[in-house]
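A.B. asks: To start, I am sharing the structure in question, which I have written as structure tokens.
The values are calculated or read from the model by the stated rules, or taken from the named source; none is laboratory data. Given the structure is predicted, the values throughout are model-derived calculations rather than measurements. Cβ atoms come from the backbone with ideal geometry, glycine included; neighbour counts cover every protein chain shown. Side chains included, ligands, DNA and RNA excluded: accessible areas come from the protein's heavy atoms. Shrake-Rupley method; radii C 1.70, N 1.55, O 1.52, S 1.80 Å.
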Amino acid sequence: STMDTAKALWAFYECPELTWDTILTDLPDFPGKATLITVPTTSGTGAEATGAAVYKKYDGTKALLINQKIRPKEAFLDFSLLDSLPPKVIVNSGVDALAHVVGALSTQNCNQLDHMLCTQTAIQILRALPKSYKGDKDARALMHVCAYLAGDEIENAGGGLEHKLDMFAKAYHIPHGEVIGIFLPYTMLYLIEQNHYLDIAEQMGMPGETAYEKQRNLIDYIWKLYDELGMPKTLKETGIPEEFFANLPQYIEMVKEIGHIYWIAGFKGDDSLEGLYRMSYYGLKEE
């Protein structure tokens, strides 16, 4: 939030004539009065590497600004800033970084270089996050680098389906990373036939005779990791009431309006969104 705020302040400082209406639609060239240097104090959002920023509107929904002109000019990664992070922040930020690289594998813009970087970064996060959660300083340093790389990859390839579904989260005061982390395994199941995650599964040594089985075991591995981290696995576990579904058509329309869901390789159409939300809320039924 702090880095996103700095991006907006930078834009308003460079171009004082801007309003919130104009900043969210188009940005003129900056005259170069200042330079934005970011120093992340958590390992997850990747905001230090992106030209994206999210803001909370008065009605509790999100406003999204994406523009290369607000991408920081430099980023400093200081591992010592992580020493006092609460475990909950380690978890929420860590699963956000994981979702960035796993989700980016499913975008239409994901090229071979992106695929390689996302795959290797995801593997490092899956191995380092539980150690970081327990206080291992070397693991926290590695997570900080991974979070930066993950931010760079959503800048290059784009965010995955899990990052398109959280338009409601601000209204319920649920941390971004927590909501994204909950969505991640369900969106992986939704897209599993595309084999986006097969390289991760194979390099992590997931058992299985088929691509489906290997990826399905990877998803189960992530859910077991969530148990170890004390991470909720359904939206219902966060305390969101079932009245949530009364507003679901509105949330879906917001997702469709932004349009980023249509960049996902394997997206099954607008009619599939309600079922994905319901599965993420209640969890999987017995298979």
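A.B. asks: Would you mind finding the one in 162, 213, 193 that is surrounded by 20 or more Cβ atoms within 10 Å (Cβ to Cβ) and either of a type outside the set (S, T, N, Q) or out of contact with any Ser or Thr (no Cβ under 6 Å at 6 or more places or on another chain) (or both)?
C.D. replies: Matching residue, one of 162, 213, 193: 162.
A.B. asks: Oh, and also: Do you know which of the residues in segment 161-220 that are in a loop (DSSP other than H, G, I, E, B) and within 22 Å of residue 263 (Cβ to Cβ) is modelled with the lowest pLDDT?
C.D. replies: 167
A.B. asks: OK, next. Which numbered condition in (1) closer than 19 Å to residue 96 by Cα; (2) open to solvent by less than 30 Å² (accessible area, probe 1.4 Å); (3) modelled with pLDDT of 95 or more is the only one that residue 261 fails?
C.D. replies: It is condition (3) that residue 261 fails.
A.B. asks: Does segment 35-68 hold any residues that are within 28 Å of residue 253 (Cβ to Cβ) and among the acidic types (Asp, Glu), and which are they?
C.D. replies: 59
A.B. asks: Here's a follow-up. Being more than 18 Å from residue 187 (Cβ to Cβ) and over 19 Å from the mean Cα position of the chain (by Cα) is the filter; apply it to segment 225-243 and report the residue that is surrounded by the most Cβ atoms within 10 Å (Cβ to Cβ).
C.D. replies: Looking at the filtered set, the residue picked out is 228.
A.B. asks: Among residues belonging to segment 229-249 that are part of a helix (DSSP H, G or I) and among the polar types (S, T, N, Q), point out the one that is nearest to residue 93 (Cα to Cα).
C.D. replies: Here the residue is 238.
A.B. asks: From (1) open to solvent by 60 Å² or more (accessible area, probe 1.4 Å); (2) touching a Gly at 6+ places or on another chain (Cβ under 9 Å); (3) within 29 Å of residue 55 (Cα to Cα), pick out the condition that doesn't hold for residue 150.
C.D. replies: Answer for residue 150: the failing condition is (1).
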